[in-house]
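J.: Next up is a structure, given as structure tokens.
The values are calculated or read from the model by the stated rules, or taken from the named source; none is laboratory data. Since the structure is predicted, the reported quantities are computational estimates derived from the model, not experimental observations. In this analysis, Cβ positions are derived from the backbone assuming ideal geometry, glycine residues included, and neighbour counts consider all displayed protein chains.
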Amino acid sequence: MQRSRDLGRQPSNTEAYIVRLRLEFGLTALSAMREKIEKVLEELRPNLQADGGNIELVDVQEGVVKVKLTGACAGCPMSRMTLQWGVEQFLKKKVPEIQKVESVE
């Protein structure tokens with residue numbers, strides 16, 4: 001019985017092309033999502049800045065957005081509520097692909 005894929009061999013040009021397309025598409029989709037999220041954060045940012053705070057996009061992975069609250073928001077006891085009920089809800093409404101928003105230090 002012949003194995004359909006020999007792990008020791010070099011990929012064919014077609015296989016390499018498919019892998020490259022998948023990587024490019026994935027990166028393009030991720031870049032598009034990051035861009036959408038940045039635009040939404042720009043809409044939200046004036047509300048945080050009005051209270052002396054700000055927000056930075058740190059990372060996006062598989063529907064999970066990681067942000068950093070800065071300025072007055074960084075030490076505010078209400079920052080968790082702001083993140084959950086303000087930032088997360090607003091982002092999910094504008095970018096439905098988002099599953100969760102997490103704060104990082």
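J.: Which residues, taken from the stretch 52-69, are more than 12 Å from the chain's Cα centre (by Cα) and exposed (fewer than 14 other Cβ atoms within 10 Å of the Cβ)?
T.: Gly52
J.: While we're on this one: Please count how many residues of the stretch 8-51 are part of a loop (DSSP other than H, G, I, E, B), loosely packed, with under 12 Cβ neighbours inside 10 Å and modelled with pLDDT of 65 or more. Reasoning before the result, please.
T.: Keep residues of the stretch 8-51 that are part of a loop (DSSP other than H, G, I, E, B), which gives 8-12, 50-51.
With loosely packed, with under 12 Cβ neighbours inside 10 Å added as a condition, the list becomes 8-12, 50.
Next, from what is left, pick out any that are modelled with pLDDT of 65 or more: 12, 50.
Residues meeting the conditions: 2.
J.: Now a separate question. Regarding the stretch 59-72, can at least one residue be identified that is modelled with pLDDT of 90 or more, part of a helix (DSSP H, G or I) and over 21 Å from Gln99 (Cβ atoms)?
T.: Checked against the condition, which is being modelled with pLDDT of 90 or more, part of a helix (DSSP H, G or I) and over 21 Å from Gln99 (Cβ atoms), the stretch 59-72 yields at least one hit.
J.: Being touching a strand residue (DSSP E or B) at 6+ places or on another chain (Cβ under 7 Å), among the aliphatic types (A, V, I, L, M) and either part of a helix (DSSP H, G or I) or at positive phi (or both) is the filter here, so list the residues in the stretch 81-102 that pass it.
T.: Matches in the stretch 81-102: Leu83, Val87, Leu91.
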